[in-house]
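What follows draws every value from the coordinates through simple rules; no lab data is involved. Since the structure is predicted, the reported quantities are computational estimates derived from the model, not experimental observations. Here Cβ is always computed from backbone atoms with ideal geometry, including for glycine, and neighbour counts include all displayed protein chains.
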Amino acid sequence: MTCATDFAQDDATPLTESSMAPHGLADATSTGELVSIPSPASRVGNPDVSIVLATYNERENICDVIRGIFEHVSGDVEVIVVDDDSPDETWKLVEQMDDERVKLIRRVSTRGLASAFNRGVIESRGNIVGWMDADTTMPVELLAKMIEQLSRHDIAVGSRYAEGGSDSRHWVRTFASRLINSFAGVVLGYGIRDYDSGFIVLRRSVFDKVSIIPTGYGAYFMEFLFTCRRKGLSVVEVGYGFTDRTKGYSKSAPSAIKFLWTGAGYVTRILIARLRHID
Ligand SMILES: Nc1nc2c(ncn2[C@@H]2O[C@H](COP(=O)(O)OP(=O)(O)OP(=O)(O)O)[C@@H](O)[C@H]2O)c(=O)[nH]1
Ligand SMILES: [Mg+2]
């Protein structure tokens, strides 16, 4: 079974270091991490754009998202997938795409959203770097418009709450998200409407000034934007219509308790971000 056919689970053989090299080098690190990297001969120079996707059990979505990125972003583009050894073998579908523009990092002993994006960013080589969810809720079509904004700004954020944006999820989730964003506005400063967007492209030079603090779930994003603004970087929001995922399951809100726990994590991180930056 590959991305080209259907998404039924196959009885695949477990990945081994040697089976991990469809188009290049395979590397097993001391942490047991497996990295599939296009062979140097197949890539000359750096890509223009790197888009990082963090995945955990996204086998029904991952291929559409990757294909969509290549379809809608022009120039030399690389996609970096950081998968935390998904039990549904998302990583295997990526591997089977056998596309030299796609780099797969399968972390077998680490789990976490912020650290996954950070890892992808470290591996990226594009002058423009971006990251987004791999659940089709964030439209790949918006990437070109966001990238366009980088001629005038350092950072472009896909925004549900800026002009032209909308959020069509269940009202409880939209309400919670708006509440957290309002709180973030009060504590971290107004001017950003979608602090926890998680959908971003930026100039590589941003990383000369700001790093992702790679702990926790999606709340890292608010602290990242907050620090970027404090360092004088310009952030623009590009509105888009956010739709709920249609395939797979939510990792932040699979149950009411997890939803509340995630929300509490956001509130705590907003306060920590503010305290960390008292000077
Ligand atoms: N590598 C990695 N990716 C993760 C992890 N948790 C979630 N993800 C991915 O991060 C993205 C966001 O997760 P979602 O499940 O969509 O969470 P959410 O966006 O808060 O919730 P919904 O969109 O409502 O489902 C998706 O692409 C997930 O597959 C993780 O622990 N490790
Ligand atoms: Mg999502």
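Before moving on, here are some points about what is shown:
- Pairwise Cα distances in the range 209-279 exceed 16 Å for 61 percent of all pairs.
- Using alpha carbons only: equivalent-ellipsoid semi-axes of the range 99-213, gyration tensor based, whole Å: 25, 18, 16
- Qualifying GluC sites (Glu not before Pro) in the range 60-163, where qualification requires a DSSP coil assignment and no more than 13 other C-beta atoms within 10 Å, comprise E141, E163.
- In summary, the lysines within cross-link reach of K231, defined as a Cα separation below 30 angstrom excluding same-chain residues under 8 places away, comprise K145, K209.
- For the range 122-202, a crude dipole built from +1 on the beta carbon of Lys and Arg and -1 on the beta carbon of Asp and Glu, taken about the Cα centre, is about 180 debye to the nearest 20.
- Calculated FRET efficiency for the pair K145/V187, C-beta based, R₀ 25 Å, to 0.05: 0.25
- Computed from Cα atoms alone, the Kirkwood hydrodynamic radius reported for the range 18-276 is 18.6 Å.
- Net dipole in debye of the range 18-276 [+1 Lys, Arg Cβ; -1 Asp, Glu Cβ; about Cα centre; nearest 20]: 1080
- Each of S86, F199, V235 was scored by the projection of its Cα onto the charge dipole of the range 18-276, and the greatest displacement toward the positive side belongs to V235; charges sit on the C-beta of Lys, Arg, Asp and Glu.
- Counting 0.36 nm for each residue step from L260 to R173 and taking away their Cα separation leaves a gain of 30.3 nm.
- Y249 paired with H72, simple spin-label distance in nm, labels 7 Å along Cα-to-beta-carbon: 2.7
- Inter-label distance for V236 and F207, nm, one decimal - labels placed 7 Å from Cα along Cα-to-Cβ: 2.3
- Residue-span extension gain [T215 to R111] - 0.36 nm each, minus C-alpha spacing: 36.4 nm
- Gyration tensor analysis over the Cα atoms of the range 149-279 returns equivalent ellipsoid semi-axes of 24, 18, 13 Å (largest first, whole Å).
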